[in-house]
1. If you restrict to DSSP beta bridges whose two residues both lie in the protein assembly as shown, what percentage is antiparallel, to the nearest 5?
2. What does the convex hull of the Cα atoms come to per residue for segment A:91-152, in Å³?
3. Grab segment A:91-152 and count how many Lys pairs have their alpha-carbon atoms under 15 Å apart, sequence gap of 8 or more, or different chains.
4. Quick one: which of A:159-168, A:15-24 comes out on top by average Cβ neighbours within 10 Å, and what's the full order, highest first?
5. What is the average number of partner chain Cβ atoms found within 10 Å of a Cβ in A:66-75?
6. What's the average, rounded to a whole number, of partner chain beta-carbon atoms within 10 Å of each residue's beta-carbon in B:17-25?
7. Could you sort A:187-196, B:54-63 so that the peptide with the highest average Cβ count within 10 Å comes first and the rest follow in order?
8. When Rg is the radius of gyration of the Cα atoms in segment B:61-156 and Rh is its Kirkwood radius, what does Rg/Rh come to?
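The values are calculated or read from the model by the stated rules, or taken from the named source; none is laboratory data. Only a predicted model underlies this, so the values are computations on that prediction, with no experimental measurement involved. Virtual Cβ from ideal backbone geometry, glycine too; neighbours counted across all protein chains shown. Note: accessible area is taken over every heavy atom of the protein model, side chains too, but ligands, DNA and RNA are not part of it. Shrake-Rupley method; radii C 1.70, N 1.55, O 1.52, S 1.80 Å.
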Amino acid sequence: MDLINIRKAKKVYKTGVTAIYDLDLKIKKGEFVFIIGSTGCGKSTLIKMLYREEKPTSGQIIVGGIDVAKLKNSKVYKLRRQIGVVFQDFRLLEKSTVYENVAFALEIFGAPKDEIHKRVIKVLELVGLKNRLKSYPNQLSGGEQQRVAIARAIVNGPKLLICDEPTGNLDEETSSEIMDVLDEINKLGTTIIMVTHDRKIVKKMKKRVILLDAGRVLKDYEEGTYKNESI
Amino acid sequence: MRVFRILGRNIRDSFKSVFRNFSLSMASISSITITLLVVSISIVLSYNVNNFAVLVEKDVTIVAFIENEATDEELKQIEEQINTLQNVESYEFQSKEDITNDMIKSSDIFKNIMEGWSLDENPIQNTFLVKVTDIEKIGDTATLIGEMENVAVVKYGEGMVEQLVKVFEVVEKISLIMVASLILVTAFLISNTIKITIFSRKTEIGIMRLVGASNLNIKIPFILEGLFLGILGSIIPIIITSYGYMALFKNFNGQLFSPFIKLIDPSPFVYYVSGVLILIGIFVGMIGSWRAVRKHLKI
């Protein structure tokens, strides 16, 4: 079953720049998909439209049964509750502890305290940060902060995890650890879409790879078929 | 149950937030404190001026002097007529004997002169002292009384009373406008300060949206935070107003410059003012936060 179904999506910014041209794309439940391409090819715009940070100018984008193009501003939270997002710059609440940062995503639903505690501990265990509950983000390394961000993104069991260059700020070893965590999450059933520049990671993971160029899908490599291409 | 849990967490988070963003909170709190102090001073001033005006207005009396030839029967008629006038709050009859006796008692000089008078020689006249409900219509009422039969002369401090009434009216209007505009300015100033402090937390709002917080989820903690800031900001003005006014009242024995200008009794006056201050603080704090957050939710 398709989790994401994009048909003839087009995005023209107010400045007149067209970022995405008539893009068609289907992503199945449980897939792990890399989106690669040179700077300005529309990667960021594409995933921003998936979590409705941007609206498509025309066309249809359906994520988990929700038509993103028709989603009202005040109803965006309904989509966001099905999606976890991880960024290059982590975006943690600086003045909250690791535990609070992760628990926050559950508290807004009004979940009972015991359940929140159970789930936060479980997810922090999964990303390997069970012993840093009371630390503040600035007391953590980059890799650890990214793990907290991943924990926050998956704590409410989203169908889809969107990662925008999650390893962009990390060294090779830490990046590899983060990729292990993401792979683990994917194996537990969460669909993952990851934008990256890091070709080493893409090669190593042997997943489906979508190559964008000038707002269009240039190539769609099946799982494991991506080799060291020039772009 | 769920709603209470969410509300409880909102209260906890907004309280924490006040302390975690301490320097920004202090900016908002001190701006609330300073403006509320000015508001409080103007409330105290304008209420006292008003109170003074009311007291003076209460003191104004129409004095109607009755012809000496008037019989008891005719005096009764006058009394009945005064009684039927609409603008009359109360009246009192003073016979010439009462007035003479009072004056003799009050001073030896009067005593020496007046004791020699026979009943016919006594130039003092029977009088009615009339207090009115609406001081602005005192002139009309005085004319009506003056037109009654056997009423010789009517006095009420013509000219002066009208001027006084005009002055009080102007003072009242000015003080009302001042308080109202001060409250507006306060609201604007504070909401802008809070807006700036919240602007610095744009990322936080972005993250809240990202993890699936609805607009209401985001607004409520910020609005509650504004409420706390309002309460915290009104503490110092309340203390200064209450103790300051009580000290002032005590120091001047409840009157300013002359016994004529009476200050309002501090109790319950300062409690009312404190209540008003805390309400303005809360209102303005909440409005400020709400305005500020709303801006960041239009994405």
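1. On the way: 34 of 52 bridges.
Bridges in the protein assembly as shown are about 65 percent antiparallel.
2. Details: hull volume 4.5 nm³, N = 62.
Residue-normalised Cα hull volume stands at 73 Å³.
3. Details: A:Lys95/A:Lys134; A:Lys113/A:Lys122; A:Lys118/A:Lys130; A:Lys122/A:Lys130.
Taking the Cα cut-off of 15 Å, the pair count is 4.
4. On the way: A:159-168: 21.8, A:15-24: 14.9.
Descending packing order for the listed peptides: A:159-168, A:15-24.
5. On the way: counts 0, 0, 0, 0, 0, 0, 0, 4, 4, 2.
Average per residue, whole number: 1.
6. On the way: counts 2, 0, 1, 4, 1, 0, 0, 0, 0.
Mean partner-chain Cβ count within 10 Å for B:17-25: 1.
7. Numbers: A:187-196: 19.0, B:54-63: 15.7.
With the highest mean Cβ count within 10 Å placed first, the list reads A:187-196, B:54-63.
8. 1.02
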